[in-house]
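Asks: Pasting a structure below so you can have a look.
No lab work stands behind these numbers, since they all come straight from the coordinates. Worth saying up front: this structure is predicted, and the values here are computed from it rather than measured. Note that we place each Cβ from the backbone using ideal geometry, even for glycine, and neighbour counts take in every protein chain shown.
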Amino acid sequence: MFANASDFNVNNSQFIINNYDSWNDNDVSAIQSWLKAPDPSTNFVAACDKRTAETGEWILSHPQYVQWCQGEPGILWILGKAGSGKTILSTTIFKHLQANPALRCYYYYFDNRDKTKTTARGLFQSLLLQMATTSDGVHPALHAQFTKCKQGVMEPTTEDLSTTLAAVAQGQDLSSVFLVLDAMDECTEANDVFKHLVQLKDSLSIAVTSRYLVETSYNVSGNIHLDGAQDAFQEDVLKYLQDQLGHRKLKQELFTEIVDHLTQGSQGQFYWVACQITALEQCKTPRAIKEALKALPKTLEDIYIVAIKRIRESKHGDDAWQLLRWLTYAFEPLSIDKVADILAVDLKGQIFDADARSLELETVIYDILDSTLISVNADSIVQLAHNSVKEFLVQSQEQMILTGLIEMNEQLAHCTICQTCLIYLTQFDSEQKYAFEKDYPLAIYAAKYWPAHMKRIGKEILKGEPAKNLAVALVKDQSQLQYMNWIRIHGPERDWRARCDVDLNPKEIQPPIYYMAYEGVEFIVEHLLGQEMADVNVQGGEYGNALQAAAVQSNKDTMQLLLKYKADVNAQGGHYGNALQAAAAQGNKDTVELLLEHKADVNAQGGLYGNALQAAVFQGNKETVQLLLDHKADVNAHGGLYGTALQAAAAQSMKEAIQLLLKHKANVNAQGGEFGNALQAAAAQSKKETVQLLIEHKADVNAQGGIYGTALQAAAAHGKKENIQLLLNHKADVNAQGGRYGNALQAAAAQGMKQTAQLLIEHKADVNAQGGRYGNALQAAAAQGMRQTAQLLIEHKADVNAQCGHYGNALQAAAAHGKKETVQLLLEHKADINVQGGLFGNALQAAAVQGWKETVPLLLKHKADVNAQGGLYGTALQAAAAQGMKQAIQLLLDNKADVNVQGGLYGTALQAAAFQGKKATVQLLLEHKADVNKQGGHYGNALQAAAFRGKKETVQLLLKNQADMNAQGGLYGTALQAAAFQGQKATVQLLLEHKADVNAQGGLYGTALQAAAAQGMKQTVQLLLDHKADVNVQGGHHGSALQAASAQGMMETIQLLIEHKADVNAQCGHYGNALQAAAVQGRKKTVQLLIKHKADVNAQGGHYGSALQAAAAQGNKVTVQLLLKHKADVNAQGGEYGNALQAAVAQGNKETVQLLLEHKADVNAQGGPYGNALQAASAQGKRDIVQLLLEHKVVTL
């Protein structure tokens, strides 16, 4: 109960700071994880490593490239065949642009060897990560999208990502923004990419390499065809060959022959040249080189065929075929460690043999496969050597089969991969806590993707494959360990934040039918239902039931199968409330139609969106919305994330959906949901046309409610200048109060929207209006370091010293966030540097908390009072010490900070530093005469603070400087008790060696022994007992050490205390004795242990009078039964409820009442707060218990 008693207070300041920031480090990390952006830097680094100096630089002087760089924004196409060096050119261009600090440059490499790098979604995720997250935080538009997705619970749509990217781009000087896109031909959604990017066509310059053009309305700056750049190509080949062969000391004549031969034979394919160099490197004599030149394969395909033929003749043939299948069809890149595990799976014997892992795979992998087929990058990722290798393997099937080389059949490949994954998972057949991520590199891939591979296998092929039997064996029994460990590694429905959970409770693991429906593995679903091995309507899981889980993934065939087996189409529960809402949320008309055909309730309430219509509207699928309306969906139904369907449509800027809903009589001013009404949602999230449409349909422009209070504030918070102007034109109240920011001006100021703030001020916004998150607009701008906005507000008479808000005033707000320029601005405009108030009391303390290197000196230079009292930490010195800011501490001390002043959270600066365990900081304070034994603060003194945290070196330092070992005070009374409570064994040992009084009384737990016992710190308890701790001393929260351990059910500690003669029947503490303490918590095993050691089952005393009454009051039937079995007096009087029966009745525990009556409890016994059991039942309105008591012959008067 008290384990975290100090934690909130100690970390409170950081919590509060973070809570009031627009973003913080945790948000940055969470958003990065949520985006799940592919990492193009691996391609960039690989290209840089392969690039020979100066190659590709010819393009930088190409007229069309120069025109693209210097002209109007547009697209530059660089077109060339496979292997022509396009990726090297992309890298050369990016490095050239990056060298100019005035430009903002971004890149992305499409790559068909990594499925995440072949989509429009992957591109937008990566660009958002590059453009909108920096060391300074997250762009407001991305942060808003993250918030809109419920802090990452939901996935953003591709449309969401594109819209957010556009909003981020709007905040940049787009005349100097360049984007380099490599290998557009390897993007499976090239048309979608340009459909979304076209909204930036007037402001973003893009260079694209590709094998072919993609039609787009983007302004085309030029096309560079590599086939027509043969002279430049030959120059690059020459530089490359000089770099690669320079070390061989070849005669000029031979070198020239190599250059001529490779240049002429390359047909413009740089990669062909690179492959031939690999072959030539094996030649040891000039004659061998000349002969090799004559026999070189003529095309890339010929090179690959030669490599494939070598496999057939190799002893590594089986491993090679296995590896090629994985590299061609795996769903994510494979590390060298994963490959080692893949090759250690025996497909014939169906076992994984860890001893078969190669110990030197990274060095021998090229013995398995030729380097023309595979490569291992700097991050130890194994991949096909070039995208053309994959194309060859996939597209040259007929040729390879005819020549007897290899059959790379896609379905058979998926079958082999699936089989490998399932064999790998079957090894996890025990209850041990496997270190999956550390010791089993393939575990997460196998657990995550085996169902996806199985789905890609045709039913006919699957029939005779081992994978089928392996899958059935894995999911046949929910209680088998392999099944549970599969889910612990990676449950199918687990979100982006989850990792392996070895401690996942079996009760939280859902039946196989649920997961298989989610994954859409039909044959297993049919097998489970056909063999009557599953309940089709079993409840549980994130999505409530199998049908909803299938609907979430749009697995229509699986849904049909479930419905065939009588799945309840209207079953309630789960994330979306019902299957129809889940289907609608995916925008899948076919699955929605299927459910409606099976009588799904179109107006069923519940779930994330409240109803199916709102879900469909949010998804933006007009056909699905129309379908639901045709089936009588209630257009004004309330509930869910956005309150109404209209608000959902407005939030997503779905103009057509809004028109459709209004046509069906949607109430334009309906209240509810995150934004309060549709107009506020549109103002925050949508374009001007959407806001205009709602206003034309009589939306109330000043309606109150929602997160921003008014539509105007919503628009201001998101910098929607056009929406603001439109709202003001329609008489929006510019000074309306309410919402997150109090008013529109503060919202604009917080986001640094200077032009928006200017517009609002021109419309008579009150620059000094108070309220909202930051207190006033100036404090909002100051907290975020929006200097220009702050300047604007000051110019319009903002009160620089106004007292309000979280930080008290603008100066403290700016100082807390280290916004030096804003602090300077405020000081120039007469901000009172020593004014008191706010979280940190004054600006200097606010700056000292984070140790801002420039802000603290600036404040001191302007005569900040270094010893000013007040705020969370009492003084600036304590604030700096609490966060271990050594430089700030030194600076404050140099400016005469009083090292021993008292007050604040920790009492003194020394205690604050000791708590953090910053030895250097503690030393610095001691050198400046800090009083080592000064009393005060949460922990009483510095030694107790350090001991609590187990900071052994700090404790030693304090003791060396004469800290009083047995000083009393603070939450834990003594340093020994503080260390004992935390189980800091090494610190306890140190304190005891320095003669700490092991039986000192005081503090929350009375003694160190009770503190350790309460937390079940067995080793610490043993150590204290070895040093003569009195096992039966009384006092403290629990009364005795044994009662403390019993209340918490610390079995091993209880046993240890009893072995050391703890009095099992000692009377003391809140619960009177150890047995009652254990009984009240329902700790059956603890009760058994105490009774075994002669605990008096009828001992009187304590809050409940007896152990039986304590157990009865909590409804712990099993414990009541145990006590009765050991002759507990069922009619013992005393305690809070008078007797056990009245206690059980008062708490409404019918089963316990029944049990007590069966053991002859006196139904008419008098006493207690209710007089008797019947009156207790009547007072609580428990009619069933009243009836039960009357049946047992209650005497009524």
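Asks: Grab every C-alpha pair in region 232-296, bin the distances at 10 angstrom width from 0 up to the longest one, and report whole percents.
Replies: Result, from short to long distances: 21, 64, 15, 0 percent.
Asks: Report the gain in length on full extension from GLN1180 to ASN223: 0.36 nm times residue separation, minus Cα-Cα distance, nm rounded to one decimal.
Replies: Extra length from GLN1180 to ASN223 when fully extended: 336.2 nm.
Asks: Here is a further query. Work out the charge dipole of the chain with +1 on the Cβ of Lys and Arg and -1 on the Cβ of Asp and Glu about the Cα centre, then indicate which of THR118, TYR271, LEU1174 is farthest towards its positive end.
Replies: The Cα lying farthest towards the positive end belongs to LEU1174.
Asks: Turning to a different aspect of this structure: Based on DSSP loop calls and a cut-off of at most 15 other Cβ atoms within 10 Å, the longest stretch of the chain free of exposed GluC sites (Glu not before Pro) is what?
Replies: For GluC sites (Glu not before Pro) (loop position, at most 15 other Cβ atoms within 10 Å), the longest site-free span of the chain is 855-1197.
Asks: Checking the a/c ratio against 1.5 first, then a/b against b/c, what shape does the Cα gyration tensor give for region 717-760?
Replies: On the way: a/c = 1.93, a/b = 1.11, b/c = 1.74.
Here region 717-760 falls in the oblate category.
Asks: Between ALA288 and HIS1126, what is the label-to-label distance in nm when each label sits 7 Å out along the Cα-to-Cβ direction?
Replies: Placing both labels 7 Å along Cα→Cβ, they lie 8.5 nm apart.
Asks: On to the next question. Please go through region 273-366 and write out the trypsin sites (Lys or Arg not before Pro) that DSSP classes as loop and that have at most 13 other C-beta atoms within 10 Å.
Replies: LYS284, LYS298, LYS315, LYS348
Asks: Compute the distance in nm between two label points, each set 7 Å from the Cα along the Cα-to-Cβ direction, one at LYS1085 and one at LYS239.
Replies: Using points 7 Å along Cα→Cβ, the separation is 7.1 nm.
Asks: Here is a further query. Once the Cβ-Cβ distance between GLU1052 and GLN869 is put in as r, and R0 is 30 Å, what FRET efficiency do you end up with, to the nearest 0.05? Display every interim value, and only then the final one.
Replies: Values: r = 48 Å, r/R0 = 1.60.
It comes out at approximately 0.05.
Asks: Just want the answer: with Cβ charges of +1 for Lys and Arg and -1 for Asp and Glu, which residue in HIS598, LEU241, GLY1115 is farthest toward the dipole's positive end in the chain?
Replies: GLY1115
Asks: For ASN1032 and SER371, compute 0.36 nm times the residue count separating them, minus their Cα-Cα distance, and round to one decimal in nm.
Replies: Difference between extended and current length: 230.5 nm.
Asks: Sort out for me the Cα centre separation of region 932-1003 from region 706-758, rounded to whole Å.
Replies: 54 Å
Asks: For every other residue with a beta carbon closer than 13 angstrom to the beta carbon of GLN902, add +1 if it is Lys or Arg and -1 if Asp or Glu, then tell me the sum.
Replies: -1
Asks: What distance in nm lies between label points placed 7 Å from Cα along the C-beta direction at ALA986 and THR188?
Replies: 5.2 nm
Asks: OK, next. Could you list TRP34, TRP486 so that the one with the fewest beta carbons within 10 Å of its beta carbon is first and the one with the most is last?
Replies: The most exposed by this proxy come first: TRP34, TRP486.
Asks: Give me, ordered by chain and number, the residues 5 or more places off TYR109 or on other chains with an amide H under 5 Å from its own placed amide H.
Replies: ASP182
Asks: What net charge do the residues around GLN586 carry, taking every other residue with its C-beta under 12 Å from that of GLN586, with Lys and Arg at +1 and Asp and Glu at -1? Before the final figure, lay out the partial values.
Replies: On the way: positive: LYS556, LYS589; negative: GLU155, ASP590.
For residues surrounding GLN586, the net value is 0.
Asks: Based on the Cβ-Cβ distance from GLU215 to ASP832, what FRET efficiency comes out when R0 is 51 Å, to the nearest 0.05?
Replies: Once the sixth-power term is evaluated, E becomes 0.20.
Asks: State to the nearest 20 debye the size of the charge dipole of the chain about its Cα centre, where the only charges are +1 on K and R beta carbons and -1 on D and E beta carbons.
Replies: 2140 debye
Asks: If you don't mind, there's one more thing I want to ask. For region 25-228, what is the charge dipole size about the Cα centre, in debye to the nearest 20, if Lys and Arg each add +1 at the Cβ and Asp and Glu each add -1 at the Cβ?
Replies: Here region 25-228 has a charge dipole of around 220 debye.
Asks: Between Rg and the Kirkwood Rh of region 25-228, both from Cα atoms, what is the Rg to Rh ratio?
Replies: 0.95
Asks: Another one. Any idea what the dipole of region 648-750 comes to, in debye rounded to 20, about its Cα centre with Lys/Arg Cβ at +1 and Asp/Glu Cβ at -1?
Replies: That gives region 648-750 a dipole magnitude of about 100 debye.
Asks: Now a separate question. Putting +1 on Lys and Arg Cβ atoms and -1 on Asp and Glu Cβ atoms, find which of VAL932, GLN151, VAL220 reaches farthest to the positive end of the dipole of the chain.
Replies: Of VAL932, GLN151, VAL220, it is VAL932.
Asks: Give me a comma-separated list of calculated 3J(HN,Hα) values for region 506-511, in order, Karplus coefficients 6.51, -1.76, 1.60 applied at θ = phi - 60°, integers in Hz, x for any Gly or Pro.
Replies: For region 506-511, the Karplus-derived couplings read x, 5, 8, 8, 7, x Hz, x marking Gly and Pro.
Asks: In addition: Calculated from DSSP H runs of 4 or more alone, at -39500 (n - 2.57) each and per residue, what is the 222 nm mean residue ellipticity of the chain, nearest 500?
Replies: -14500 deg cm²/dmol, from helical runs alone.
Asks: Do any trypsin sites (Lys or Arg not before Pro) in region 498-604 lie in a DSSP loop with no more than 16 other beta carbon atoms within 10 Å, and if so, which?
Replies: Answer by residue number: ARG499, LYS566, LYS599.
Asks: Which cross-chain or sequence-distant (5 or more) residues have an amide H under 5 Å from the amide H of LEU641, H modelled 1.01 Å from N in plane?
Replies: When sequence neighbours closer than 5 places are left aside, the close amide H contacts are TYR609, GLY610.
Asks: Still on this model: Provide, for q = 0.04, 0.05, 0.08 Å⁻¹, the log10 of I(q)/I(0) from a solvent-free Debye sum over equal Cα point scatterers in the chain.
Replies: -0.32, -0.50, -1.26
Asks: What are the residues whose amide H is under 5 Å from the amide H of GLY771, where those residues sit 5 or more places off or on another chain and H is modelled from the backbone?
Replies: The answer is ASN776.
Asks: Could you compute the net charge surrounding LYS918? Neighbours are other residues with a C-beta less than 9 Å from the C-beta of LYS918; K and R count +1, D and E count -1.
Replies: Numbers: positive: LYS886, LYS919, LYS951; negative: none.
Charge balance in the 9 Å sphere: +3.
Asks: HN-Hα J couplings of region 104-115 from phi, Karplus 6.51/-1.76/1.60, θ = phi - 60°, integer Hz, Gly and Pro as x?
Replies: Result, rounded to whole Hz: 10, 10, 9, 9, 7, 10, 6, 7, 6, 7, 10, 4.
Asks: Moving to a separate point now. So which trypsin sites (Lys or Arg not before Pro) in region 702-779 are both in a DSSP loop and have at most 12 other Cβ atoms within 10 Å of their Cβ?
Replies: Numbers: sites: LYS720, LYS721, LYS731, ARG740, LYS754, LYS764, ARG773; in loops: LYS720, LYS731, ARG740, LYS764, ARG773.
Of the trypsin sites (Lys or Arg not before Pro), the ones in loops of region 702-779 whose Cβ has at most 12 other Cβ atoms within 10 Å are LYS731, LYS764.
Asks: While we're here: Can you tell me the FRET efficiency between VAL1118 and ASP590 if r is taken as the Cβ-Cβ distance and R0 is 45 Å, rounded to the nearest 0.05?
Replies: Result of the calculation: an efficiency of 0.30.
Asks: Further question on the same structure: Considering all alpha-carbon pairs of region 648-750, what whole percent are spaced by more than 24 angstrom?
Replies: 11 percent
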